[in-house]
1. Determine which single condition PHE58 fails, assuming it passes every other condition in (1) more than 30 Å from GLU146 (Cα to Cα); (2) more than 16 Å from the ligand (Cβ to nearest atom); (3) not charged (D, E, K, R).
2. Would you mention how many residues in region 70-91 are closer than 14 Å to TYR19 by Cβ and either assigned to a helix (DSSP H, G or I) or out of contact with any helix residue (DSSP H, G or I) (no Cβ under 9 Å at 6 or more places or on another chain) (or both)?
3. Take the residues in region 118-147 that are in a helix (DSSP H, G or I) and charged (D, E, K, R); name whichever of them is nearest to the ligand (Cβ to nearest atom).
4. Tell me which residues, restricted to region 96-112, are surrounded by 14 or more Cβ atoms within 10 Å (Cβ to Cβ), in a helix (DSSP H, G or I) and of a type outside the set (Ser, Thr, Tyr).
5. Scan SER96, SER81 and give me the residue that is under 25 Å from ALA125 (Cβ atoms) and of a type in the set (Gly, Ala, Ser).
6. Looking only at residues that are without any contact (Cβ under 8 Å) to a residue 60 or more places away in the chain and more than 12 Å from the ligand (Cβ to nearest atom) in region 95-112, which one is nearest to TYR60 (Cα to Cα)?
7. So which of SER82, SER115 is more than 16 Å from the ligand (Cβ to nearest atom) and exposed (fewer than 13 other Cβ atoms within 10 Å of the Cβ)?
8. So, LEU16, is that one aliphatic (A, V, I, L, M) and either at positive phi or away from the ligand (no atom under 11 Å from the Cβ) (or both) or not?
Amino acid sequence: MLSKNLVKKLNDHVNLEFYSSNLYLQMSSWCEAKGLEGCAAFLRAHAKEEADHMERLFTYVNETGSMAVVGNIKAPPTEFSSVSDLFQKVYDHECSITKEINGLVSASLKEEDYSTFNFLQWYVAEQHEEEHIFKLILDKISIIGEEGAGLFFIDRAIGGMLGKK
Ligand code: FEO
């Protein structure tokens with residue numbers, strides 16, 4: 001059984017994963033509007049992954065006899081100054097999610113809730129992978145450069161990463 005404190009923290013995280021999903025869906029729309037189909041497809045697939053992360057948490061909270069609650073989810077931004085600006089924001093967002101997960105892990109240890117601690121290990125590994133993949137994307141953008149035909153090659157490279165995670 002979860003403590004009230006952990007139910008609240010896990011439900012807050014349900015919302016954060018929802019937000020992540022909406023953020024990447026919105027970003028895919030921005031890319032689509034700019035003709036960046038590879039980036040759009042990658043982000044749309046990632047939005048689905050975030051919805052899976054949300055559901056995994058949602059299910060866990062309910063399985064413990066507590067009630068998962070969907071609260072208000074803020075609207076994501078709609079404008080980005082460039083592809084590198086967009087993916088920098090993705091990377092920064094993922095780093096902030098890692099911090100939140102670490103906070104959840106600490107809270108579960110403090111309460112000696114080893115079931116939740118164990119459940120959260122999947123998210124710890126996932127965050128490592130996500131930070132890695134988005135750092136790779138930022139590196140690719142920086143190497144290729146956005147000038148001239150650069151955007152075409154960036155879009156192709158990111159589209160080519162679809163399904164590799
Ligand atoms: Fe669900 Fe991208 O962390």
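1. (2)
2. So the answer is 2.
3. Keep residues of region 118-147 that are in a helix (DSSP H, G or I), which gives 118-144.
Pick out the ones that are also charged (D, E, K, R) and you get 126, 129-131, 135, 139-140.
On the way: GLU126: 6, GLU129: 9, GLU130: 5, GLU131: 9, LYS135: 13, ASP139: 18, LYS140: 19 Å.
Among those residues, the one meeting the criterion is GLU130.
4. Narrowing region 96-112 to residues surrounded by 14 or more Cβ atoms within 10 Å (Cβ to Cβ): 97-98, 100-102, 104-105, 107-108, 111.
Subsequent filtering for residues that are in a helix (DSSP H, G or I) retains 97-98, 100-102, 104-105, 107-108.
Scanning region 96-112 gives ILE97, GLU100, ILE101, ASN102, LEU104, VAL105, ALA107.
5. Details: SER81 fails: under 25 Å from ALA125 (Cβ atoms).
When all the criteria are applied, what remains is SER96.
6. From region 95-112, those without any contact (Cβ under 8 Å) to a residue 60 or more places away in the chain are 95-96, 98-99, 102, 105-106, 109-110, 112; that's our starting set.
If we keep only those that are more than 12 Å from the ligand (Cβ to nearest atom) as well, we get 102, 105-106, 109-110, 112.
Numbers: ASN102: 18, VAL105: 15, SER106: 18, LEU109: 17, LYS110: 19, GLU112: 17 Å.
Looking at the filtered set, the residue picked out is VAL105.
7. Numbers: SER115 fails: exposed (fewer than 13 other Cβ atoms within 10 Å of the Cβ).
Every option except SER82 fails the conditions.
8. Details: aliphatic (A, V, I, L, M): yes; either at positive phi or away from the ligand (no atom under 11 Å from the Cβ) (or both): no.
The answer is no for LEU16.
The values are calculated or read from the model by the stated rules, or taken from the named source; none is laboratory data. Computed from a predicted model, the values in this text were never measured in an experiment. In this analysis, Cβ positions are derived from the backbone assuming ideal geometry, glycine residues included, and neighbour counts consider all displayed protein chains.
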